[in-house]
1. Carbon-plus-sulfur fraction of the accessible area of segment 1-145, 1.4 Å probe, in percent?
2. Report, in listed order, any pair from Lys41/Lys71; Lys214/Lys308; Lys357/Lys402 with a Cα-Cα distance greater than 30 Å.
3. Over the chain, with a Gaussian network built from C-alpha contacts below 10 Å, which listed residue (Arg410, Arg135, Arg244) shows the highest mean-square fluctuation?
4. On full extension of the chain, what length is gained from Asn291 through Asp387, given 0.36 nm per residue of separation minus the C-alpha to C-alpha distance?
5. One quarter of the convex hull surface, Cα atoms only: what value does that give for the chain in nm²?
6. How tilted is helix 97-109 with respect to the longest principal axis of the chain? Cα atoms for both, answer in degrees (0 to 90, nearest 10).
7. Could you give the accessible area per residue of segment 156-311, probe 1.4 Å, as a whole number in Å²?
8. Let me make sure I get this right: for segment 3-195, a, b and c are the square roots of the gyration tensor eigenvalues over alpha carbons, sorted descending. Under 1.5 in a/c it's rounded, otherwise prolate if a/b > b/c, else oblate. Which is it?
Amino acid sequence: MEIVVAGTGYVGLVTGACLAEVGHKVTCVDIDEKKIEIMKKGISPIYEPGLDEILDKNYKKGKLDFTTDYKEAYRKADVVFIGVGTPERVDGSANLDYVFSVCRQIAKNVTKDCLVVVKSTVPIGTNDKVEEFLRENVENNIHIEVASNPEFLAQGTAVRDTLFASRIVIGVESEKARDILMNIYERFNQPIVVTNRRSAEMIKYASNDFLALKISFINEMANVCEIVGADIEDVAKGMSYDSRIGNKFLSAGIGYGGSCFPKDTKALHWLANDHGYEVKTIKATIEVNENQKYKLFRKAKEVFGSLKNKRVAILGLTFKPGTDDLREAPSIENVRRLLDEGAKVIAYDPVGENNFKKIYPTEIIYAESMEEAINDSDMAFIFTEWDEIKSIGIDVFIEKMKTPIIFDGRNCFNLDNIYEKEVYYYSIGRKTIKNFSKKKLNEKIFLK
Ligand code: UGA
């Protein structure tokens, strides 16, 4: 069976590489020549643990190939997976231009009966439209059909999430499509949920939006903990023993980012609204997240009064650890606010700096190490819980910073190790440690 994967972003590339890893013959298509050349050298164009190895191995074995020649790839294809992006439009709806542009190419070039599998996250009903479009535009006299097969991989663990998926969801409207996909996926030996296309599309949104809701919920609980003097880490732990609640996605912080939750919450909200229904839980999820993003900034303003000319160390830029992706990372808008306030920003991230430089090429200073970033700084903001950041130890902050005032948006440090230290340490949903003596400061700081 000739499998083609359209798009070599997170979804497409990881899907292609993992299908090859379990023994299928796969060709990945992308319009970007440079990307294709890099992948042919066995190098992944995105930072994703474990991906280089399986790319290289399967390319050398002849199981995986990369090309910009989409005409030739689709000419031979039995199955085409679509894994292109569906970015957010200004109004919150999903932009399907890339999906339909790939469909146009498929329709023009396929020569055999073909199953088109939509892996991209698309609004409910899109698979129907894609099938209609393909059938209207197909040039050869062949049978073309569409199946929905949403993906559930998370960045940073994408290869593992695909090879050892929690479940595989297949949305089909015919036995034939079902059999083809069962045949492709039986090698993964994971639970397979077979349903119709609309339910499969909905499973994806409902899953992501539920996880986003869980994060916004725990963040609100953290905010209440701060008010009533409870500790969110203990609260989450206490909740997690109930298997109906579970122990995942209960980490309070400065909100979710990334290419999925922000986009998928808005897209479902938009879609339901468009049909005259307001999903109140999703609306609240979005609002809570937006507010949570600026918690550290607001706290810093409260503590310092003015941030003008203050040296602010930013630790962690990416939307989560294990990725160089900055999409919807809280760091971006917070840095903008800090700069608007006249602060001097010096940032450190183990892998995200190059991408951040595309947004802020000259406005901030980039440090080569965490120590360099915090050196002589007035305050430090932690936006990403990289292991490197978590392991640095609070004493280094005390030794290096001008004033050891830390705003930790990811609860990186155990409070037990900080109680006795000479710091001001604010984290999310926990007691603020205020041992930093005002006498040590030359200027007025409002240590509330
Ligand atoms: C998410 C889902 O987890 C995947 O299942 C899904 O397939 C993917 O979206 C997608 O639709 O493609 P991802 O965006 O890579 O994956 O990242 P997550 O690990 O889910 O984290 C998202 C955000 O939530 C991060 O900013 C993270 O810091 C935040 N988060 C996560 C919390 O604030 N608290 C938590 O307890 C967990």
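The values are calculated or read from the model by the stated rules, or taken from the named source; none is laboratory data. This is a predicted model, so every value here is computed, not measured. Note: ideal-geometry Cβ built from the backbone for every residue, glycine included; neighbour counts use all protein chains shown. Just so you know, the surface numbers come from the protein's heavy atoms only, side chains and all, with ligands and any DNA or RNA stripped out. Shrake-Rupley method; radii C 1.70, N 1.55, O 1.52, S 1.80 Å.
1. Working: 2950 of 6150 Å².
It is 48 percent, rounded to a whole number.
2. Working: Lys41/Lys71 23 Å; Lys214/Lys308 36 Å; Lys357/Lys402 26 Å.
Those over the limit are Lys214/Lys308.
3. So, out of Arg410, Arg135, Arg244, the one fluctuating most is Arg244.
4. Working: separation 96, 0.36 × 96 = 34.56 nm, distance 2.61 nm.
Gain on extension, Asn291 to Asp387, equals 31.9 nm.
5. 22.5
6. Roughly 20 degrees between the two axes.
7. Numbers: 7840 Å² over 156 residues.
Using a 1.4 Å probe on heavy atoms only, each residue of segment 156-311 averages 50 Å².
8. Numbers: a/c = 1.31, a/b = 1.23, b/c = 1.07.
It comes out rounded by the Cα gyration axes.
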